[in-house]
Amino acid sequence: MVAVKSQKGGPVVRLTALACSLLVALAGCSGEEEPPKPPAGFTTYKGDVYTFVHPQGWSVTHDKDDRGAPLVEAHGPVGANGAYRGQVIVSRTDRFGGSMDAMKAQARGLNQLSGRRIVREGDAKVPGAEEAWRLETAYEEKTSTGATARVRSIDIYALTSGGTMLDLTVRASQEEFDAAGMPKVVSSFWVRP
């Protein structure tokens, strides 16, 4: 604060533009949200712009998709039928030039082309994201043993304030989805503001 004399000679206290800006910035930063601590039996994967939890003991790999964009995968153990007992994949597109509506249309189209049944869709709440959308699908998939697994998959599309589009895919067999802790993974997705 800066004290100045008024035209009548009495002191008038006012905030300078710099002080106002500083107070506004401090007020905005003081409650900056951090990702929640993982529940018992889970661990946190921390990327540069996002985090999620997954069951302890899962393997985590880093790769690139067919466009060369970064890809993170977390896998549970392989079950008797040859399918992973839970899987998390996060893909990202930096400097995303489209809209969330365009992303929705693309996701719906790709799922329908691949024969996946759209079970549910709607807005999602992802802490730190500018916009988020959830798409749940169901489909059948052949495993490495030749068995057929009924899969439940949830995608959360989240757009960051920096223009990065993230796609968190969480999937497991329909029978094991809840027991494998997949709902906890979905609800843990956090984006750095």
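Go ahead and run the numbers for FRET between Thr145 and Ile118, Cβ-Cβ distance against an R0 of 25 Å, rounding to 0.05.
Values: r = 28 Å, r/R0 = 1.11.
It comes out at approximately 0.35.
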Label-point separation (nm) for Ala80 and Glu175, each offset 7 Å from Cα along Cα-to-Cβ? 0.8
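Under the 0.36 nm per residue contour assumption, what length would be gained going from the current alpha-carbon distance of Arg67 and Arg95 to full extension?
Values: separation 28, 0.36 × 28 = 10.08 nm, distance 1.37 nm.
That works out to 8.7 nm of additional length.
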Taking the simple approach of a point 7 Å from Cα along Cα-to-Cβ for both Val60 and Thr44, what is their distance in nm? 1.1
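Every read-out reported here was derived from the displayed coordinates using simple, explicitly stated rules and does not represent laboratory data. Because the structure is predicted, anything quoted here is derived from the model rather than measured. Reconstructed Cβ throughout: ideal geometry from the backbone, glycine too, with neighbour counts over all protein chains shown.
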